[in-house]
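Here is the structure we will look at.
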Amino acid sequence: MDIKRQQEFPHNPALAEALQTQLAHQIEITQGPDQARLIGAADVAYHKHQNIAYAAVILYDMQSHTVLEEASWIGEPEYPYTSGLFSLREAPLLLRAFAQFKRTPEALLIDGHGIAHPRRFGLASHLGWSLDIPTVGVSKTPFFGDHAPVGDQRGDQAPITDQGQIIGLSLCTQPHTKPVYVSPAHRFDMQSAYTFVLRCCTRYRQPEPLRKAHDLSIRLRATTPL
DNA sequence: GCGACAG
DNA sequence: ATCTTGTCGC
(Lines give C-alpha, C1' and ligand atoms only; values in the text may rest on other atoms or scores of the structure.)
Protein backbone atom coordinates (compact mmCIF):
# COMPACT_ATOMS: atom_id res chain seq x y z
CA MET A 1 0.00 0.00 0.00
CA ASP A 2 1.15 3.53 -0.57
CA ILE A 3 1.90 6.22 1.98
CA LYS A 4 -0.14 9.28 1.15
CA ARG A 5 1.66 11.84 3.27
CA GLN A 6 5.33 11.86 4.31
CA GLN A 7 6.58 14.34 6.83
CA GLU A 8 10.08 15.05 8.11
CA PHE A 9 10.17 16.35 11.67
CA PRO A 10 12.78 18.67 13.19
CA HIS A 11 14.85 17.16 15.98
CA ASN A 12 14.31 20.33 17.98
CA PRO A 13 11.43 19.50 20.36
CA ALA A 14 9.85 22.96 20.31
CA LEU A 15 9.83 23.00 16.51
CA ALA A 16 8.51 19.45 16.34
CA GLU A 17 5.67 20.38 18.68
CA ALA A 18 4.81 23.38 16.53
CA LEU A 19 4.63 21.10 13.49
CA GLN A 20 2.33 18.72 15.34
CA THR A 21 0.01 21.62 16.06
CA GLN A 22 -0.04 22.52 12.37
CA LEU A 23 -0.65 18.97 11.15
CA ALA A 24 -3.44 18.47 13.67
CA HIS A 25 -5.55 20.83 11.54
CA GLN A 26 -5.61 18.12 8.87
CA ILE A 27 -6.99 15.45 11.20
CA GLU A 28 -10.58 14.63 10.32
CA ILE A 29 -12.94 13.64 13.13
CA THR A 30 -15.78 12.07 11.15
CA GLN A 31 -17.79 8.89 11.35
CA GLY A 32 -15.66 5.80 10.72
CA PRO A 33 -16.61 2.62 8.84
CA ASP A 34 -19.01 0.46 10.84
CA GLN A 35 -18.44 -2.91 9.21
CA ALA A 36 -14.75 -2.84 8.38
CA ARG A 37 -13.49 -6.32 7.58
CA LEU A 38 -9.80 -5.70 6.91
CA ILE A 39 -8.20 -4.22 10.00
CA GLY A 40 -4.57 -3.13 10.16
CA ALA A 41 -2.82 -3.07 13.55
CA ALA A 42 0.61 -1.95 14.70
CA ASP A 43 2.94 -2.41 17.66
CA VAL A 44 6.66 -2.06 18.39
CA ALA A 45 8.98 -4.06 20.65
CA TYR A 46 12.48 -3.05 21.70
CA HIS A 47 15.78 -4.80 22.26
CA LYS A 48 16.74 -5.17 25.88
CA HIS A 49 20.12 -3.44 25.71
CA GLN A 50 20.60 -2.12 22.20
CA ASN A 51 18.77 0.70 20.49
CA ILE A 52 16.82 -1.52 18.12
CA ALA A 53 13.10 -1.39 17.42
CA TYR A 54 11.01 -4.22 16.00
CA ALA A 55 8.06 -2.60 14.24
CA ALA A 56 5.28 -5.04 13.44
CA VAL A 57 2.06 -4.64 11.48
CA ILE A 58 -0.60 -7.20 10.67
CA LEU A 59 -3.72 -7.29 8.53
CA TYR A 60 -6.57 -8.93 10.39
CA ASP A 61 -9.72 -10.34 8.79
CA MET A 62 -12.70 -9.71 11.06
CA GLN A 63 -14.75 -12.21 9.04
CA SER A 64 -12.54 -15.26 9.51
CA HIS A 65 -10.70 -13.93 12.58
CA THR A 66 -7.39 -14.70 10.97
CA VAL A 67 -4.22 -12.78 10.13
CA LEU A 68 -4.00 -12.28 6.36
CA GLU A 69 -0.70 -10.41 6.20
CA GLU A 70 2.31 -9.71 8.35
CA ALA A 71 5.00 -7.11 7.69
CA SER A 72 7.79 -5.59 9.71
CA TRP A 73 10.69 -3.20 9.84
CA ILE A 74 13.65 -3.58 12.15
CA GLY A 75 15.94 -0.67 12.78
CA GLU A 76 17.30 2.05 14.99
CA PRO A 77 14.76 4.75 15.92
CA GLU A 78 15.80 8.23 14.81
CA TYR A 79 14.41 9.91 17.91
CA PRO A 80 14.64 9.17 21.62
CA TYR A 81 11.50 8.41 23.57
CA THR A 82 9.86 11.68 24.51
CA SER A 83 6.38 11.80 25.93
CA GLY A 84 4.26 13.91 23.60
CA LEU A 85 6.65 13.38 20.69
CA PHE A 86 6.25 9.67 20.69
CA SER A 87 5.20 9.41 17.07
CA LEU A 88 8.49 10.80 15.85
CA ARG A 89 10.10 7.69 17.24
CA GLU A 90 7.77 4.96 16.04
CA ALA A 91 5.85 6.30 13.05
CA PRO A 92 8.72 6.21 10.52
CA LEU A 93 9.43 2.55 11.32
CA LEU A 94 5.78 1.52 11.25
CA LEU A 95 5.20 3.31 7.94
CA ARG A 96 8.00 1.31 6.33
CA ALA A 97 6.27 -1.83 7.58
CA PHE A 98 2.80 -0.76 6.40
CA ALA A 99 4.25 0.08 2.97
CA GLN A 100 4.82 -3.64 2.43
CA PHE A 101 1.13 -4.57 2.70
CA LYS A 102 -0.36 -5.96 -0.50
CA ARG A 103 -3.85 -4.88 0.48
CA THR A 104 -5.13 -1.64 1.99
CA PRO A 105 -6.79 -1.88 5.42
CA GLU A 106 -10.27 -0.39 5.82
CA ALA A 107 -9.36 0.81 9.30
CA LEU A 108 -6.35 0.87 11.64
CA LEU A 109 -5.87 0.12 15.33
CA ILE A 110 -2.74 1.64 16.83
CA ASP A 111 -1.13 0.97 20.21
CA GLY A 112 -1.04 4.58 21.38
CA HIS A 113 -3.24 7.67 21.49
CA GLY A 114 -5.00 9.58 18.74
CA ILE A 115 -6.32 13.06 19.57
CA ALA A 116 -6.08 12.44 23.31
CA HIS A 117 -2.78 14.32 23.11
CA PRO A 118 -1.63 17.82 24.13
CA ARG A 119 -1.61 18.93 20.48
CA ARG A 120 -4.19 16.41 19.21
CA PHE A 121 -1.53 14.54 17.26
CA GLY A 122 -0.59 11.29 18.98
CA LEU A 123 1.05 8.31 17.27
CA ALA A 124 -2.28 6.96 16.02
CA SER A 125 -3.21 10.32 14.48
CA HIS A 126 0.22 10.60 12.88
CA LEU A 127 -0.14 7.19 11.22
CA GLY A 128 -3.78 7.66 10.23
CA TRP A 129 -2.91 10.99 8.67
CA SER A 130 0.14 9.64 6.83
CA LEU A 131 -1.76 6.70 5.38
CA ASP A 132 -5.10 8.53 5.17
CA ILE A 133 -6.96 5.55 6.59
CA PRO A 134 -9.66 5.68 9.31
CA THR A 135 -7.69 5.11 12.53
CA VAL A 136 -8.30 4.71 16.26
CA GLY A 137 -5.75 4.82 19.06
CA VAL A 138 -5.99 2.28 21.90
CA SER A 139 -3.68 2.60 24.89
CA LYS A 140 -3.34 0.56 28.06
CA THR A 141 -2.54 3.64 30.12
CA PRO A 142 -3.92 7.18 30.17
CA PHE A 143 -1.68 9.96 28.93
CA PHE A 144 -3.42 13.29 28.46
CA GLY A 145 -6.75 14.67 29.64
CA ASP A 146 -8.96 14.14 32.66
CA HIS A 147 -10.76 10.86 33.05
CA ALA A 148 -13.35 9.78 35.56
CA PRO A 149 -13.49 6.22 36.88
CA VAL A 150 -15.36 3.81 34.64
CA GLY A 151 -17.54 0.76 35.37
CA ASP A 152 -16.22 -2.77 35.06
CA GLN A 153 -18.78 -4.23 32.72
CA ARG A 154 -18.04 -4.72 29.03
CA GLY A 155 -19.12 -1.58 27.20
CA ASP A 156 -18.92 0.73 30.20
CA GLN A 157 -17.33 4.02 29.22
CA ALA A 158 -16.37 7.42 30.60
CA PRO A 159 -15.16 10.46 28.66
CA ILE A 160 -11.59 11.74 28.67
CA THR A 161 -11.74 15.52 28.59
CA ASP A 162 -9.48 18.52 28.16
CA GLN A 163 -10.86 21.94 28.97
CA GLY A 164 -14.41 20.76 28.54
CA GLN A 165 -13.75 19.03 25.24
CA ILE A 166 -14.13 15.27 24.91
CA ILE A 167 -10.94 13.90 23.37
CA GLY A 168 -11.27 10.21 24.17
CA LEU A 169 -12.89 7.66 26.41
CA SER A 170 -12.02 5.07 29.00
CA LEU A 171 -13.59 1.84 27.85
CA CYS A 172 -14.12 -1.42 29.71
CA THR A 173 -13.77 -4.15 27.09
CA GLN A 174 -14.18 -7.22 29.33
CA PRO A 175 -16.00 -7.83 32.62
CA HIS A 176 -14.00 -7.06 35.77
CA THR A 177 -11.06 -5.77 33.75
CA LYS A 178 -9.19 -2.46 33.75
CA PRO A 179 -10.29 -0.13 30.97
CA VAL A 180 -8.34 0.75 27.85
CA TYR A 181 -8.03 4.34 26.67
CA VAL A 182 -9.57 4.98 23.28
CA SER A 183 -9.30 8.07 21.12
CA PRO A 184 -10.27 8.81 17.54
CA ALA A 185 -7.11 9.36 15.51
CA HIS A 186 -8.26 10.22 11.98
CA ARG A 187 -11.53 9.80 10.07
CA PHE A 188 -13.24 8.36 13.17
CA ASP A 189 -15.49 10.06 15.72
CA MET A 190 -16.07 9.15 19.35
CA GLN A 191 -19.16 7.05 18.73
CA SER A 192 -17.75 5.03 15.84
CA ALA A 193 -14.44 4.58 17.68
CA TYR A 194 -16.32 3.15 20.64
CA THR A 195 -18.24 0.68 18.49
CA PHE A 196 -15.20 -0.26 16.48
CA VAL A 197 -12.93 -1.01 19.43
CA LEU A 198 -15.57 -2.96 21.28
CA ARG A 199 -16.23 -5.06 18.19
CA CYS A 200 -12.53 -5.90 17.98
CA CYS A 201 -12.28 -6.95 21.65
CA THR A 202 -13.59 -10.50 21.47
CA ARG A 203 -11.85 -12.35 24.24
CA TYR A 204 -9.24 -10.17 25.93
CA ARG A 205 -8.85 -6.62 27.18
CA GLN A 206 -6.94 -5.60 24.08
CA PRO A 207 -8.44 -5.65 20.59
CA GLU A 208 -7.55 -8.91 18.87
CA PRO A 209 -5.67 -7.28 15.96
CA LEU A 210 -3.44 -5.38 18.40
CA ARG A 211 -2.67 -8.56 20.27
CA LYS A 212 -1.60 -10.18 17.01
CA ALA A 213 0.63 -7.21 16.16
CA HIS A 214 2.18 -7.32 19.62
CA ASP A 215 2.77 -11.04 19.24
CA LEU A 216 4.54 -10.48 15.93
CA SER A 217 6.81 -7.80 17.39
CA ILE A 218 7.88 -10.14 20.18
CA ARG A 219 8.36 -12.98 17.73
CA LEU A 220 10.58 -10.80 15.56
CA ARG A 221 12.74 -9.87 18.51
CA ALA A 222 13.11 -13.51 19.48
CA THR A 223 13.97 -14.79 16.02
CA THR A 224 16.05 -11.99 14.51
CA PRO A 225 19.81 -12.50 14.83
CA LEU A 226 21.71 -9.29 15.67
C1' DG B 1 11.26 23.59 42.52
C1' DC B 2 8.83 18.83 42.20
C1' DG B 3 6.51 15.22 40.10
C1' DA B 4 4.37 13.24 36.07
C1' DC B 5 5.19 11.63 31.55
C1' DA B 6 1.61 7.00 25.37
C1' DG B 7 5.91 3.32 24.14
C1' DA C 1 9.31 -0.33 26.19
C1' DT C 2 12.10 -3.68 29.47
C1' DC C 3 13.48 -6.19 33.99
C1' DT C 4 10.16 -10.58 36.10
C1' DT C 5 6.67 -15.82 38.92
C1' DG C 6 3.49 -17.01 41.09
C1' DT C 7 -0.80 -16.05 42.61
C1' DC C 8 -5.37 -14.35 44.06
C1' DG C 9 -9.88 -13.26 42.17
C1' DC C 10 -13.81 -12.73 38.88
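The values are calculated or read from the model by the stated rules, or taken from the named source; none is laboratory data. Source: prediction; values computed, not measured. Cβ atoms come from the backbone with ideal geometry, glycine included; neighbour counts cover every protein chain shown. What goes into the accessible areas is simple: the full protein's heavy atoms, side chains included, and nothing from ligands, DNA or RNA. Shrake-Rupley method; radii C 1.70, N 1.55, O 1.52, S 1.80 Å.
Considering only A:Ser170, A:Ser125, A:Ser183, the Gaussian network model of chain A with Cα springs below 10 Å gives its largest mean-square fluctuation to A:Ser170. Give the Debye-formula value of log10 I(q)/I(0) at each listed q (0.14, 0.19, 0.23, 0.28 Å⁻¹), with one equal scatterer per alpha carbon of region A:125-169, two decimals each. Listed by q, the Debye log ratios stand at -0.43, -0.73, -0.92, -1.05.
Where does region A:86-226 land on Rg/Rh, using Cα atoms and the Kirkwood Rh? Here the Rg-to-Rh quotient is 0.97. Projected label points at A:Ile3 and A:Arg219, each 7 Å from Cα along the beta carbon direction, are separated by 2.4 nanometres. Computed over protein heavy atoms with a 1.4 Å probe, the accessible surface of region A:97-226 works out to 41 Å² per residue. Using the Cβ-Cβ distance between A:Arg154 and A:Glu106 with R0 set to 30 Å, the FRET efficiency works out to roughly 0.80. What value, in deg cm²/dmol to 500, does the helix sum -39500 (n - 2.57) over DSSP H runs of n ≥ 4 give at 222 nm once divided by the residues of chain A? For chain A, the value works out to -8000 deg cm²/dmol. If Lys and Arg each add +1 and Asp and Glu each add -1, what is the summed charge of the other residues whose beta carbon sits under 12 Å from the beta carbon of A:Gln206? After counting each charged neighbour, the total is +2. Between region A:177-226 and region A:70-119, the C-alpha centres lie 13 angstrom from each other.
What is region A:67-186's relative contact order, in percent, from Cα pairs under 8 angstrom and six or more apart in sequence?
22 percent
Out of the total accessible area of region A:42-137 (probe 1.4 Å, heavy atoms of protein only), what percent is carbon and sulfur? Taking all protein chains in place, region A:42-137 shows 49 percent carbon and sulfur surface. Per-residue 3J(HN,Hα) values for region A:14-25, derived from phi via the Karplus relation 6.51 cos²θ - 1.76 cosθ + 1.60 with θ = phi - 60°, read 5, 5, 5, 5, 4, 5, 4, 4, 5, 5, 4, 4 Hz in sequence order (x marks Gly and Pro). Mean sequence separation of contacting Cα pairs (under 8 Å, at least six apart), scaled by the length of chain A, corresponds to a relative contact order of 23 percent.
Pairwise inverse Cα distances across region A:169-226, averaged and inverted, put the Kirkwood hydrodynamic radius at 12.8 Å.
Fully extending the segment from A:Thr21 to A:Asp189 would add 58.5 nm, taking 0.36 nm per residue of separation and subtracting the current Cα-Cα distance.
Distant-in-sequence amide contacts of A:Asp156, defined by a placed amide H-H separation under 5 Å and a gap of 5 or more residues or a different chain, comprise A:Cys172.
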